[in-house]
Amino acid sequence: MGVRLGRLGRGAAVTTVLRVPEELSARVPAEQRGPGLDRDAVRLLVSRGTAVSHHAFAELPRLLRAGDLLVVNTSPTLAAAVDGRIGHARVVVHFSTRGDDGRWAIELRDPDERGTTRPRAGGPAGTEVQLPGGVRLRLEEPLSAESGRLWWARAREAGSGGGTPASATAEGGGRRAPGAEGGSGGGLPGQTFTEPLDATRTPASAPAAGGDSRAPGAAEDGSEGMPGPAFAETRDAAAGTPAPAAVESGNRPRAAVSDAGGGNPGQAFAENPGAADHGGRGTSEARSPGGADAGAVVSGLLREYGRPIRYSYTERDQPLSVYRTVFALPSPDGAGSAEMPSAARPFTARLVAELVSRGVQFAPVVLHTGVASAEAHEAPYAERFAVSEASARLINAVKAGGGRVIAVGTTAVRAVESAVGADGLVRARAGWTDLVVTPERGVRVVDGLLTGLHEPEASHLLMLEAVAGRAAIDRSYEEALRGRYLWHEFGDTHLILPEEDPHAEHCCSNCW
């Protein structure tokens with residue numbers, strides 16, 4: 001079961017070659033493995049350089065220091081899988097990413113006999129998928145020329161007239177503001193953008209799923225949710241000056257991933273060139289032919305008929321609450337993540353309270369994750385993200401004070417590293433990022449990372465290597481296999497911390 005070292009060929013996704021035995025796939029959540037267990041009943045592998053130690057996740061508060069900052073992703077997981085038909089053939093649609101023009105990037109899958117799905121070729125353009133509730137989904141174009149797995153598709157309700165108004169209740173109970181969203185065309189609809197953030201909106205005060213009075217992040221099964229207003233994400237309109245636009249021909253964003261090429265290195269933003277042009281793509285309305293707002297049609301569809309995306313290694317279907325983290329906040333437009341930002345899953349309200357009591361701080365960011373390529377292991381594609389002014393200032397203050405910025409999950413790394421400028425400062429940003437963090441690019445903000453255990457082909461391993469170095473990742477994965485840690489979203493966790501001076505190891509420890 002040892003790790004076989006060696007870098008794969010140029011352009012390959014992984015740096016470590018290993019085989020993960022099938023029995024090390026976590027099939028059910030930790031709290032379902034025995035009486036009295038909670039989400040934090042998982043193991044925690046801690047690596048500092050090539051030094052590795054083994055812990056329970058509940059020990060996390062004692063492994064961090066007062067003054068450490070955890071960057072957490074507040075994107076809620078969507079019930080993004082919906083059954084449908086193409087002609088007489090049954091299909092499953094995975095709704096991946098919502099575009100600015102109301103279209104969605106979707107993945108078509110074939111159902112299997114185990115209640116999960118198999119890969120299915122996307123397209124061709126013009127294909128119509130019949131969905132529940134009289135909704136039809138029309139495939140328009142591939143998300144990228146390199147892969148036919150994901151397609152941009154537009155939903156509409158059957159017939160004409162009526163339909164769901166633009167202000168209809170969105171998934172998660174939020175209300176969508178009436179009005180247009182950005183344009184149409186290939187790539188990322190409406191072009192990529194950087195926008196100031198709304199200082200008047202406080203997501204923590206938004207209604208929870210179904211419009212009830214639960215606190216944001218509260219689970220549907222009655223378990224504890226996110227503690228109180230102290231964790232509310234505030235957004236400041238004073239977002240500063242946007243980075244220079246980085247747009248290629250067409251309307252796909254270009255991420256600057258090295259210091260070469262000018263601009264603001266490491267960022268992946270562009271202003272919307274069509275926003276001031278009333279005939280441009282940035283101002284076209286996102287409405288289906290039947291008159292309904294296309295985004296609201298899908299939000300209603302997912303709310304009524306969707307279920308969480310489930311992969312073949314899991315034992316059974318689970319309620320949506322199982323796939324939402326304690327940090328999840330509803331999005332006013334119904335946006336969210338097709339797959340759970342799973343690194344934060346083991347956190348409980350009790351554990352968060354203990355971390356805060358020990359002087360650990362939290363900086364919320366948003367990155368709406370799309371559907372992973374479980375079989376093809378494609379490189380990450382562009383995703384929507386936001387870093388608020390409050391979080392940017394907190395991150396900068398911790399860095400200036402010599403504290404450690406530890407991202408909870410690869411999604412948090414992508415978001416915050418997409419908001420850093422050439423001067424090393426994080427600024428408020430919202431838009432799309434296609435930044436891919438590699439060892440060559442490195443990290444400019446993050447000092448450590450709390451993450452799950454990733455498959456050997458996953459591009460995430462490149463990000464881990466960027467944070468810790470290749471030798472550290474090889475060593476930690478060797479130990480994870482030897483210790484029979486569990487993989488995937490319900491599995492065990494890995495905390496990557498900077499190497500420490502052994503003579504100062506206990507000087508600043510948080511051992512209250």
- prompt: Within the stretch 328-358, can you find the residues that are open to solvent by 30 Å² or more (accessible area, probe 1.4 Å) and over 27 Å from Leu143 (Cα atoms)?
  reply: Arg350, Ala353, Glu354, Val356, Ser357
message: Just the residues that are among the hydrophobic types (A, V, I, L, M, F, W, C) and more than 15 Å from Ile406 (Cβ to Cβ), please, taken from the stretch 348-364.
response: Ala349, Ala353
field: Matching option when the condition is among the acidic types (Asp, Glu) and open to solvent by less than 20 Å² (accessible area, probe 1.4 Å), among Asp110, Asp101
entry: Asp101
Looking only at the stretch 361-387, and only at residues there that are outside any strand (DSSP E or B) and acidic (Asp, Glu), the one that is nearest to Ala121 (Cα to Cα): Glu375
message: Tell me whether the stretch 430-450 contains one or more residues that are at pLDDT 95 or above, among the acidic types (Asp, Glu) and crowded, with 23+ Cβ neighbours inside 10 Å.
response: no
- prompt: So, in the stretch 31-51, of the ones that are charged (D, E, K, R) and either assigned to a loop (DSSP other than H, G, I, E, B) or open to solvent by less than 30 Å² (accessible area, probe 1.4 Å) (or both), which residue ends up modelled with the lowest pLDDT?
  reply: Arg33
message: Being under 19 Å from Gly431 (Cα atoms), surrounded by 18 or more Cβ atoms within 10 Å (Cβ to Cβ) and at pLDDT below 95 is the requirement here; does Ala296 meet it?
response: no
task: Of all residues in the stretch 339-395, count the ones that are within 18 Å of Glu417 (Cβ to Cβ) and of a type in the set (Gly, Ala, Ser).
output: 10
message: Yes or no: the stretch 82-98 includes at least one residue that is among the basic types (Lys, Arg), touching a strand residue (DSSP E or B) at 6+ places or on another chain (Cβ under 6 Å), buried (at least 20 other Cβ atoms within 10 Å of the Cβ) and at pLDDT below 95.
response: yes
task: Please state which one of Ala415, Ala390 is crowded, with 24+ Cβ neighbours inside 10 Å, part of a helix (DSSP H, G or I) and modelled with pLDDT of 95 or more.
output: Ala415
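The values are calculated or read from the model by the stated rules, or taken from the named source; none is laboratory data. In this text, all values refer to a predicted model and were calculated from it rather than measured experimentally. Positions of Cβ are backbone-derived with ideal geometry, glycine not excepted, and every protein chain shown enters the neighbour counts. Calculation scope for accessible area: heavy atoms of the full protein, side chains included, ligands and nucleic acids excluded. Shrake-Rupley method; radii C 1.70, N 1.55, O 1.52, S 1.80 Å.
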